[in-house]
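Peer 1: Have a look at this one.
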Amino acid sequence: MGWIETTGGYAIALDGTRVLCRNAAGRTLKQVPPKLKDDAEVVRLRQLAEWLERHRRECREQVDTWLVRSLPVPVALLARVWPDEAWQSALRDLVVAPVAADGSAETARAGFLRNADPARGLGIVDLDGDSVWLEAAEVETVLIPHPVLLEELAELREFAAELGVEQGAEQLFREVWRQPEGAGGITGDASGGAFGSASGSGGTAQEWSAYADGRFAQLRHATARAVSLGYRVRGGQAVCPLVENGRQLEAAYWLGDDYPEAETLTGSLEWRDTAGRRLPLAEVGPVAWSEGERMAALVYAGRVVESDEEKAL
């Protein structure tokens, strides 16, 4: 935006979300002088900068919700918000796929989102490197597939690097965890790098303990870490709401319910439906598993580590 004249011969402008200031000689200063702190124009511009930053964050969070919960997104909606720079930054270069009649993603027709137009639909670079349009008359909704659902993910990441793709929302390079074979009760190597075990036997196991026994000097350290990562804490557990194949559920990771200053050990990870019923691990779908284990792994990484052997887990 252009420069706005203010008191003392100074002028201010907004560069992204940063307030710039130049003096009467036209030289841009490193920061706004303290004497302009309460100037009406400076205050208004800083409020605008704060709103823009908050708007950018909310756009990224909404796109992340669409991805994690596998929610179909209308093409008309994407076309409507596309002119907004904050929305475009969050959406550009995400892999999108048309929604099939059964609600699944047609990943064979997927591509990197490059444009959105109310009349034409979505402009993408398909997986062959060609620029094509998902016509609005043919495709009404798309999915932003979770990376765990994308076949040949490693090759797709390499292709994205060749195209110079930089995604504003975390999709392709989001770390994924896949349910190990035998997770219904057999101890195995969790793809997050830790060894996990499920309590129960056969297909009845309801807990995954790969991230149990993580020690935090104070419970509040664990809860603060979970909150800082964007998770809710309820009833002594870090909670991640999820949707898998249209079914609402949540992953819950035990942190502890003692005094905030008390030492705590993390517990098991579980998944449950809206009625609170704990799901057998065999019923947990790939997105719910990946996001639940991602939550546990990120929180667990903040534990007190006392040996090199623990660091390697």
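Peer 1: Could you tell me the center-to-center distance, by alpha carbons, between the stretch 237-284 and the stretch 29-103 in angstrom?
Peer 2: Taking the Cα centre of each part, the stretch 237-284 and the stretch 29-103 sit 30 Å apart.
Peer 1: Equivalent-ellipsoid semi-axes (√(5λ), Cα gyration tensor) for the chain, whole Å, largest first?
Peer 2: 40, 30, 17
Peer 1: Determine the relative contact order of the chain: mean sequence separation of Cα pairs under 8 Å and six or more apart, normalised by residue count, in whole percent. Numbers along the way, then the final one.
Peer 2: Numbers: 599 pairs, mean separation 38.3, N = 313.
Here the relative contact order equals 12 percent.
Peer 1: Follow-up question, since we're still on this one. What is the spin-label model distance, in nm, from Leu153 to Glu5 if the labels are put 7 Å beyond Cα along the C-beta direction?
Peer 2: 5.8 nm
Peer 1: Can you give me the accessible area per residue for the stretch 81-131, using a 1.4 Å probe, in Å²?
Peer 2: Averaged over the residues of the stretch 81-131, the accessible area is 45 Å².
Peer 1: Further question on the same structure: Between rounded, prolate and oblate, where does the stretch 41-189 land on the alpha carbon gyration tensor, with a ≥ b ≥ c its root eigenvalues, rounded for a/c under 1.5, else prolate if a/b exceeds b/c?
Peer 2: oblate
Peer 1: Which of the listed residues, Ala169, Thr6, Leu153, is farthest toward the dipole's positive end in the chain, when Lys, Arg count +1 and Asp, Glu count -1 at the beta-carbon?
Peer 2: Thr6
Peer 1: Related question: Of Ala86, Pro180, Pro72, whose Cα points farthest to the positive end of the dipole of the chain (charges on the beta-carbon: +1 Lys, Arg; -1 Asp, Glu; origin at the Cα centre)?
Peer 2: Ranked along the dipole, the leading option is Ala86.
Peer 1: Which order do Asp15, Asp64 take by accessible area at a 1.4 Å probe, largest first?
Peer 2: In descending accessible area the options line up as Asp15, Asp64.
Peer 1: Below 8 Å between Cα atoms, with a sequence gap of 6+, how large is the relative contact order for the stretch 204-280 in percent? Write out the running numbers ahead of the final one.
Peer 2: Working: 152 pairs, mean separation 29.8, N = 77.
In percent, rounded to a whole number, it is 39.
Peer 1: With the Cα gyration tensor of the stretch 233-288 giving a ≥ b ≥ c as the square roots of its eigenvalues, does the rule (a/c under 1.5 for rounded; else a/b larger than b/c for prolate; else oblate) give rounded, prolate or oblate?
Peer 2: In terms of gyration-tensor shape, prolate.
Peer 1: Please compute the length gained on full extension between His55 and Ser131, using 0.36 nm multiplied by the number of residues separating them and subtracting their Cα-Cα distance.
Peer 2: Once the chain is fully extended between His55 and Ser131, it gains 24.4 nm.
Peer 1: Hey, any idea what % of the stretch 93-147's accessible area is carbon plus sulfur with a 1.4 Å probe? Show your work: numbers first, answer last.
Peer 2: Values: 1080 of 2400 Å².
So the carbon and sulfur contribution to the accessible surface is 45 percent.
Peer 1: Over the stretch 44-130, what is the relative contact order in percent, taking alpha-carbon pairs closer than 8 angstrom and at least six residues apart?
Peer 2: After rounding, I find 22 percent.
The values are calculated or read from the model by the stated rules, or taken from the named source; none is laboratory data. Predicted model, so just to flag it, every value in this text is computed and none were measured. FYI the Cβ positions are ideal-geometry reconstructions off the backbone, even for glycines, and counts take in every protein chain you see. Note: accessible area is taken over every heavy atom of the protein model, side chains too, but ligands, DNA and RNA are not part of it. Shrake-Rupley method; radii C 1.70, N 1.55, O 1.52, S 1.80 Å.
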